[in-house]
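Undergrad: Just dropping this structure here.
The values are calculated or read from the model by the stated rules, or taken from the named source; none is laboratory data. If you're wondering where the values come from, they're calculated on a predicted model, not measured in any experiment. Backbone-built Cβ (ideal geometry, glycine too); neighbour counts: all protein chains shown.
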Amino acid sequence: MTFQAIVFYSFAAWLIFAAIMVISSKNSVKAALFLVLTFASASAIWLLLEAEFLAISLIVVYVGAVMVLLLFVVMMLDVDYAALRQGFVKKLPIALIIAIAFFVVLYSFLTHGEFSAEKFAEPAAKAADYSNIKALGRVIYTEYFIAFEIAAVILLVAIIAAISLTFRGRRNRKSQNISKQLAANKKNRLKIVKVDPVVSANETSDELAVNQSEKQS
Amino acid sequence: MNESMNFSLITSEIFLLCALCVIMIVDLFQRDKERVLTFTLTQASLIVLFVLGFNSLGAERIISFDGHWVTDELATVLKLSIYAITFLALFYARSFISHRNLMRGEYYLLTLFSVLGMMIMVSANSFLVVYLGLELLSLSLYALVALQRDSSVASESAVKYFVMGGLASGFILYGVSLIYGATGSLLIADVAKHFSENSIGLVGQFGLVFIVIGLSFKFGAVPFHMWLPDIYHGAPSSITAFIASVPKIAAFGMTMRLLSEAFGQSISQWASMILIVALLSVILGNVIAVSQNNLKRLLAYSAIAHIGYFLLGVVPGTQESFSAAMYYIIVYALMTLAGFGIVIFMSSENKEYQKVTDLRGLGRYHPWYALLFSIVMISMAGIPPFIGFWPKLEIFRNLIINGYVVEAIVAIAFSVVGLFYYLRVVKEMYFAEAVDAPEISSSRSLKIAISVNCLLLLFLGLLPDSIYQYCLTAFNLMG
């Protein structure tokens with residue numbers, strides 16, 4: 001076994017272990033930390049594939065920024081994780097069947113399908129001074145120019161959406177609603193109250209009340 | 001023709017992005033709480049886009065930006081209909097949001113961003129750009145649905161929409177990654193070339209299944225429809241009117257690029273899947289809509305049925321059937337906008353219009369609007385001379401020509417079932433005993449907008465060629 005194979009299998013084992021722990025650990029903070037471990041092992045595997053830039057950006061962006069934010073969210077929100085797990089056991093058989101079937105299909109691709117070793121030759125190792133970033137930079141502004149620009153627009157939308165959803169300034173306005181004023185009608189505005197005809201002077205309600213209390217006593 | 005980095009081909013997109021940035025800054029410094037200037041600039045930029053698009057009608061098909069971008073008649077016609085229907089939808093939106101807590105500049109901005117996403121979707125020529133356009137559209141729509149933050153129903157449906165949309169995007173991405181593995185390219189032209197030379201293979205089929213599932217999710221076709229009625233019901237009505245109409249046109253463009261252009265050679269692989277999804281949508285959508293009392297939910301289930309009819313047009317896989325499907329989806333967008341326009345029209349400031357029975361007495365007290373709403377319902381049911389009839393006719397004709405006779409009969413039978421619930425709305429307006437005259441307090445612009453929209457359904461129905469000829473030229477079927 002070469003040194004590379006040892007590195008690959010150890011990190012792959014870590015990755016699978018951490019991924020299983022993400023979905024099975026009871027404590028949500030622990031689950032988030034295991035997700036960090038998953039990313040770290042994945043980035044080590046990418047290093048083995050000579051994708052240095054992607055490996056580093058995975059650490060910087062996901063482990064450094066996204067996961068820290070996620071940890072904040074997990075710690076701040078009071079989510080009942082036990083309730084989320086309800087039905088886990090009941091749905092487990094179906095989920096297992098689908099997962100196993102999926103695994104079998106994907107495994108067949110790798111062993112004797114389109115992705116097998118006969119069809120995909122092992123790529124030659126790059127020279128020591130080969131720069132990943134240069135290669136990426138060269139295509140981003142030429143071949144993938146339009147995709148790159150659209151991705152920038154998506155980030156702009158994300159900013160606008162986030163601000164408009166969390167902005168807590170004054171929302172209500174004191175403006176006239178002209179169509180509402182025009183739609184005002186007699187039925188909604190006027191209330192006709194039936195008033196009894198004039199009661200004679202010596203039988204006002206006060207006196208009536210006094211009379212009644214006298215009778216009761 | 002293949003050109004690289006020809007910026008004149010993305011003039012409309014560049015213009016819209018610049019206009020968006022200008023509107024964003026202008027909106028920031030606006031004192032006017034009614035945002036009149038933002039609204040005017042938004043509508044003006046849509047008009048400019050329409051003129052730009054109209055001038056590029058009839059241009060030749062050019063693939064540019066290293067194969068990632070395509071400008072052809074299909075993209076131009078779809079973009080024109082997107083601009084026109086968005087323009088109309090914003091008139092509905094303006095009067096709806098102006099008396100709720102929704103009146104903010106971001107409403108218009110996010111709508112324009114979603115228009116940009118749709119333009120990218122219909123002009124994309126690689127899986128990557130299709131996906132990016134889809135995400136731009138979806139992100140803006142999630143934010144629009146969530147904009148009414150003080151409403152728990154709207155927040156709930158925003159989260160549902162977000163999760164379901166994310167799931168669908170995930171399916172599409174997974175399929176694309178498998179296709180990339182099988183062909184080694186993300187460009188639609190390269191993928192089509194690869195599959196015309198090689199058989200599709202197990203990996204290609206696997207990827208195709210994922211893409212079809214993702215598309216059905218986005219369309220809300222049965223069995224991936226569960227989210228659709230809840231979101232149409234929960235979102236604020238003006239936003240429902242928008243998300244139910246315009247994005248479907250863009251989704252049609254995406255379907256054409258993915259299924260017909262990339263997988264045109266392997267049509268036998270996807271046609272049967274689409275056929276099952278389409279028939280299930282027609283059957284289930286129509287049957288469940290019968291028992292709905294809430295007009296928004298009724299329209300949502302009728303949307304599922306309409307998507308079924310539209311997908312039936314895609315099934316035969318000929319250029320004629322694609323143009324019929326395109327005709328159907330554009331007409332559907334116009335009709336459903338009018339349908340949700342009714343909901344917006346009947347809602348007042350403190351009352352959200354909900355039930356079909358609330359329309360009672362409309363025929364007696366507001367005969368003009370009752371007439372307009374009847375036009376919408378009868379057009380949706382597909383009765384001549386209204387516009388809803390012609391695309392249905394074309395779809396069924398194409399099905400029968402290509403030998404799908406039984407499927408056509410089933411679809412026609414269930415469109416008779418559909419007639420029941422459309423006519424029930426008409427019955428409530430004219431024949432049910434009214435307790436009280438329904439109140440109408442909508443603004444003048446909304447009254448004009450809904451009259452224009454409903455009368456369009458009648459006039460375009462009398463001149464069915466007016467839209468159809470563009471759909472035919474989009475697929476090179478007219479000289």
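Undergrad: B:Ala449 is checked against (1) under 15 Å from B:Val331 (Cβ atoms); (2) within 14 Å of another protein chain (Cβ to nearest Cβ) and fails just one. What number does that condition carry?
TA: The single condition B:Ala449 does not satisfy is (1).
Undergrad: Looking at the range B:277-307 only, could you name the residues that are among the β-branched types (Val, Ile, Thr) and under 19 Å from B:Pro391 (Cα atoms)?
TA: Once the filter is applied, which keeps residues that are among the β-branched types (Val, Ile, Thr) and under 19 Å from B:Pro391 (Cα atoms), the range B:277-307 yields B:Val282, B:Ile283, B:Ile304, B:Ile307.
Undergrad: Then there's this: Given the residues A:Ala95, A:Ala83, which is the only one that is away from chain B (no Cβ under 13 Å) and surrounded by 10 or more Cβ atoms within 10 Å (Cβ to Cβ)?
TA: Of the residues listed, the single one that is away from chain B (no Cβ under 13 Å) and surrounded by 10 or more Cβ atoms within 10 Å (Cβ to Cβ) is A:Ala95.
Undergrad: Here is a further query. With the requirement that a residue be outside any strand (DSSP E or B), over 17 Å from B:Ala241 (Cα atoms) and facing chain A (nearest Cβ under 9 Å), what does the range B:63-103 give you?
TA: The answer is B:Phe65, B:Asp66, B:Gly67, B:His68, B:His99, B:Asn101.
Undergrad: For the range B:104-149, give me each residue that is closer than 21 Å to B:Ser348 by Cα and either within 7 Å of another protein chain (Cβ to nearest Cβ) or of a type in the set (Asp, Glu) (or both).
TA: Of everything in the range B:104-149, those that are closer than 21 Å to B:Ser348 by Cα and either within 7 Å of another protein chain (Cβ to nearest Cβ) or of a type in the set (Asp, Glu) (or both) turn out to be B:Arg104, B:Ala146, B:Leu147, B:Arg149.
Undergrad: Please verify whether B:Ile47 is among the β-branched types (Val, Ile, Thr) and within 14 Å of chain A (Cβ to nearest Cβ), treating the condition exactly as stated.
TA: It is false that B:Ile47 is among the β-branched types (Val, Ile, Thr) and within 14 Å of chain A (Cβ to nearest Cβ).
Undergrad: Follow-up question, since we're still on this one. Kindly indicate the residue of the range A:115-167 that is in contact with a Leu (Cβ under 8 Å, 6 or more places away or on another chain) and not in a helix (DSSP H, G or I) and also nearest to the other protein chains (Cβ to nearest Cβ) among those meeting that condition.
TA: Ranking the qualifying residues of the range A:115-167, first place goes to A:Tyr144.
Undergrad: I would also like to ask the following. Would you please name the residue that is surrounded by the most Cβ atoms within 10 Å (Cβ to Cβ), looking only at residues in the range B:1-18 that are within 13 Å of chain A (Cβ to nearest Cβ) and in a helix (DSSP H, G or I)?
TA: B:Leu16
Undergrad: Might you check whether a residue that is more than 14 Å from every other protein chain (Cβ to nearest Cβ), in a helix (DSSP H, G or I) and surrounded by fewer than 21 Cβ atoms within 10 Å (Cβ to Cβ) occurs anywhere in the range B:384-391?
TA: yes
Undergrad: Which of the residues that make up the range B:112-128 are farther than 20 Å from B:Leu80 by Cα and crowded, with 24+ Cβ neighbours inside 10 Å?
TA: Passing the criteria: B:Ser126, B:Phe127.
Undergrad: Still on this structure: Taking the range B:403-429, which residues are touching a Gly at 6+ places or on another chain (Cβ under 8 Å) and either farther than 17 Å from B:Ser379 by Cβ or within 14 Å of another protein chain (Cβ to nearest Cβ) (or both)?
TA: Hit for the range B:403-429 is B:Ala411, nothing else.
Undergrad: Tell me the residue from A:Phe34, A:Phe17 that is surrounded by fewer than 16 Cβ atoms within 10 Å (Cβ to Cβ), over 28 Å from A:Ala124 (Cβ atoms) and either among the aromatic types (Phe, Trp, Tyr) or touching a residue at least 12 places away in the same chain (Cβ under 8 Å) (or both), please.
TA: Among A:Phe34, A:Phe17, only A:Phe17 is surrounded by fewer than 16 Cβ atoms within 10 Å (Cβ to Cβ), over 28 Å from A:Ala124 (Cβ atoms) and either among the aromatic types (Phe, Trp, Tyr) or touching a residue at least 12 places away in the same chain (Cβ under 8 Å) (or both).
Undergrad: Cβ contacts < 7 Å: first residue assigned to a loop (DSSP other than H, G, I, E, B), restricted to the range B:278-301; second residue basic (Lys, Arg), any location; separation 6+ or different chain. Result?
TA: B:Asn293/B:Lys355
Undergrad: Looking at the range B:20-59 only, could you name the residues that are closer than 24 Å to B:Met103 by Cα, in a loop (DSSP other than H, G, I, E, B) and without any contact (Cβ under 8 Å) to a residue 40 or more places away in the chain?
TA: Hits for the range B:20-59 are B:Phe29, B:Arg31, B:Asp32.
Undergrad: Also, quick follow-up: With the checklist (1) touching a residue at least 12 places away in the same chain (Cβ under 8 Å); (2) assigned to a helix (DSSP H, G or I) in hand, flag the one item B:Ser442 doesn't pass.
TA: The single condition B:Ser442 does not satisfy is (2).
Undergrad: Just for the range A:1-52: of the residues that are part of a helix (DSSP H, G or I) and among the hydroxyl-bearing types (Ser, Thr, Tyr), which one is nearest to the chain's Cα centre (by Cα)?
TA: Ranking the candidates gives A:Ser28 first.
Undergrad: Here is a follow-up. Given (1) within 23 Å of A:Ser24 (Cβ to Cβ); (2) modelled with pLDDT under 80; (3) within 14 Å of chain B (Cβ to nearest Cβ), identify the lone condition not met by A:Ala101.
TA: Failing condition for A:Ala101: (2).
Undergrad: Further question: Of the conditions (1) surrounded by fewer than 20 Cβ atoms within 10 Å (Cβ to Cβ); (2) closer than 18 Å to B:Leu132 by Cα, B:Lys248 fails just one. Which one is it?
TA: (1)
Undergrad: Now a separate question. Among the residues of the range B:465-479, how many are in contact with a helix residue (DSSP H, G or I) (Cβ under 7 Å, 6 or more places away or on another chain) and either part of a helix (DSSP H, G or I) or buried (at least 20 other Cβ atoms within 10 Å of the Cβ) (or both)?
TA: Total satisfying the criteria: 9.
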